[in-house]
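See below for the structure under consideration.
Just so you know, all these numbers are worked out from the coordinates, no wet-lab data involved. Because the structure is a prediction, the values reported are computed rather than measured. Counting neighbours? That spans all protein chains shown, and the Cβs are built from the backbone with ideal geometry, glycine included.
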Amino acid sequence: MGYQFFILPVLAVLAVGCAKQPGPLPIESASGVDSPAPDWRSVATQTDRDRLRRWRDAWMTALPAARSANSGAVAREGALFQPDNALPGAMPPAGDYRCRVFKLGGAGTAMRDFTAYPYFDCRVDDEGDVKSFYKLTGSQRPIGHLFSDGGSRAVFLGTLMLGDEQTALEYGRDDQRDMAGFVERVGERRWRMALPWPKFESQLDVVELVPAA
């Protein structure tokens with residue numbers, strides 16, 4: 001029996017100088033009984049399993065376009081944009097992070113092939129057998145779970161919140177909001193979340209995570 005994946009409708013609500021953190025993001029078995037730690041494949045939608053299978057195609061399509069648009073910026077980030085550079089310790093420890101989002105390869109003629117955003121506030125929390133990840137600030141805010149997939153890679157499954165929304169859709173309810181990607185460590189205290197074939201703006205989103213302190 002597969003897992004049902006839920007994101008509770010309690011999301012980061014920003015206030016002056018502080019943020020209310022999301023509540024727990026439980027994963028429950030479809031049978032309603034305790035089960036071993038879930039395999040991400042039993043949670044992911046068919047669409048997201050397909051996106052993750054085609055992760056290298058996303059890199060090979062988006063990265064040359066980004067280099068053509070801004071070769072200097074791509075080169076300065078070093079290992080962040082090297083698709084095969086994955087080190088042991090893929091799962092980031094719980095804590096506060098600074099996150100930067102890069103959009104590579106424009107999806108549509110109106111979109112740029114390289115866009116870099118400033119740092120935002122993110123958080124990783126322990127949730128038992130998995131970890132939760134959520135972006136606290138910004139107009140596009142992923143929220144979801146991190147699943148172990150071996151020592152050099154983890155999997156993120158979640159949904160996207162937009163604008164001033166204060167509740168998150170359940171994962172799997174709207175494939176336009178569902179998100180899936182691989183998390184890898186690419187340096188000392190530096191991780192990336194690579195999201196192939198997102199539904200908005202780009203062919204590949206790369207989120208850099210570095211500890212806030």
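Tabulated values for the structure
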| read-out | value |
| --- | --- |
| Residues of region 86-117 with amide N under 12 Å of a point placed 7 Å along Cα→Cβ from residue 61 | 105-108 |
| Segment residue 210-residue 176, length gained on full extension (0.36 nm per residue, minus Cα span) | 9.5 nm |
| From phi via Karplus (6.51, -1.76, 1.60), per-residue ³J(HN,Hα) for region 182-197 in Hz, x at Gly/Pro | 9, 10, 9, 8, 10, x, 5, 6, 9, 10, 9, 10, 9, 10, x, 6 |
| Reachable aspartates and glutamates, given that their alpha-carbon falls under 18 Å from the alpha-carbon of residue 135 and they are not under 8 places away in the same chain | 96, 121, 125, 126, 127, 164, 165, 170, 178, 184, 205, 208 |
| Spin-label pair residue 79/residue 189, simplified geometry with 7 Å Cα→Cβ offset, distance in nm | 1.4 |
| Karplus (6.51, -1.76, 1.60) ³J(HN,Hα), θ = phi - 60°, over region 123-138, in Hz, Gly and Pro reported as x | 8, 10, 10, 6, 10, x, 7, 10, 10, 9, 10, 8, 9, 8, 10, x |
| Stretchable slack from residue 50 to residue 127, in nm (0.36 nm times residue separation minus alpha-carbon distance) | 25.1 nm |
